[in-house]
Amino acid sequence: MASIDLSARPADAGPEPAVRRNLAGMTRGELAALMAEAFRLDEKKARMRANQLWRWIYHYGATDFAAMTDIAKEMRLALAERFEIARPEVSERLVSVDGTRKYLIRLGPGIEVECVFIPDVGRAGALCVSSQVGCTLACTFCHTGTQKLVRNLTTAEIVGQVMAVKDDLEEWPSGGEDRRLSNIVFMGMGEPLYNLDNVASAIDVISDGDGISISRRRITVSTSGVVPEIPRLGEVTSSMLAISLHATNDPLRNELVPINKKYPIAELMDACRAYPGLGNARRITFEYVMLKDVNDSDAEARELVRLLKGVPAKINLIPFNPWPGAPYECSSWERIEAFADILSRAGYASPIRTPRGRDIFAACGQLKSESVKKRASEARKERMAAEGTQAS
């Protein structure tokens, strides 16, 4: 007797239902164009409808069209037939003993990125977002650099990280005085300036005052030194700039940050001095990871002062965060403090970044996603190995 395929659609069942497009992560212009196309609206009406959707999606965090009470019921039903308001899947969520939260976000089959929420940073808390799956730069102190580049993230995928974390923090509606998420830093996986168009569009969405409403002054983009794109970053985003520096001379920076071979320190510093809007109220942050017996001497601290002369700047000193197989050790706390003291006496704010989320591999330089998720026991053994202990 032949078996019957119960999953087959009957011949008279009509066409397959259309896949509903996701509105979350779209720009204002994209929403307006979509409304015009879907409902044959003129420009003015399409823009009005887009503005309504914008506020529900990005201010209130709505995921159901039925909640949009200022839109007629018939239109809400029509929107629900054609569209959805979905978040990317959070496939893993880890919480550190210090409150740091790391999210593994699944964007598609085998496509994952990590983002990290760090409480008590900036005005209230900062979200470190990714701009690429993997990275091409291969900085030798960075775990992310050991993962090959898969692709750039889209605007919607970047914004989706922010929305997923706001869901987890229960941060809707946006813009409250008691907000926990106040700052965005593009310091996650990838080099943002190799994906500047999508990063810029995402900043437009995130900073819009009628939506998520995080000021551009509280959005920082970190680059390893893609010199030709630095002016455009300032011009199109007005974001704060951070430079992943880590060395004061070309031979050492060539080793630590290989892009330096293409854009050496002198060219990088010229681009920094010409950054649009640069001033005491808009200083550049220079990131400097502290590597034992590599870049942490008093002489290098004095050279860093000389290098940054005339640039409105602050210097973040980052204790090296270990990962399995890392070729470096962290400088001692005494050495880091001595380095910071030289910078401070020269007039530079030089905070030492307190390591956050090390126990869940969420600290600076530790982010790396995998196509195949590790078992929890394997991840635990790796963390213990990095901390110099043995799993019991």
The residue from Val97, Val185, Val133, Val116 that alone is surrounded by fewer than 21 Cβ atoms within 10 Å (Cβ to Cβ) and over 20 Å from Asp210 (Cα atoms) is Val97
Please go through segment 150-178 and pick out each residue that is in a loop (DSSP other than H, G, I, E, B) and out of contact with any Lys or Arg (no Cβ under 8 Å at 6 or more places or on another chain).
Val150, Leu153, Thr154, Glu170, Pro173, Gly175, Gly176, Glu177, Asp178
Take segment 189-211 and flag every residue that is touching a residue at least 40 places away in the same chain (Cβ under 8 Å) and more than 15 Å from the chain's Cα centre (by Cα).
Asp208, Asp210, Gly211
Identify, from the list Ala86, Ala78, the residue that is in contact (Cβ under 8 Å) with a residue 24 or more places away in the chain, part of a helix (DSSP H, G or I) and either outside the structural domain of Met163 (by TED's automatic domain parsing) or aliphatic (A, V, I, L, M) (or both).
Ala78
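Yes/no matrix, rows are residues, columns are (1) among the hydrophobic types (A, V, I, L, M, F, W, C); (2) over 17 Å from Ile352 (Cβ atoms):
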| position | (1), (2) |
| --- | --- |
| Ala271 | yes, yes |
| Thr285 | no, no |
| Ala301 | yes, no |
| Ala313 | yes, no |
So, in segment 278-303, exactly how many residues are within 27 Å of the chain's Cα centre (by Cα) and either without any contact (Cβ under 8 Å) to a residue 12 or more places away in the chain or within 27 Å of Ser239 (Cα to Cα) (or both)?
13
Note: among Ile4, Ile57, just one is modelled with pLDDT of 95 or more and outside the structural domain of Ser201 (by TED's automatic domain parsing), namely Ile57
Look at segment 247-257 and say how many of its residues are closer than 16 Å to Glu287 by Cα and modelled with pLDDT under 95.
2
Taking the residues in segment 186-210 that are in contact with a Lys or Arg (Cβ under 9 Å, 6 or more places away or on another chain) and not in a helix (DSSP H, G or I) as candidates, determine which candidate is farthest from Trp56 (Cα to Cα).
Met189
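The values are calculated or read from the model by the stated rules, or taken from the named source; none is laboratory data. What you see is a predicted model; the values in this text were computed from it and never measured. A quick note on method: Cβ atoms are made from the backbone with ideal geometry, for glycine too, and the neighbour counts reach across all protein chains shown.
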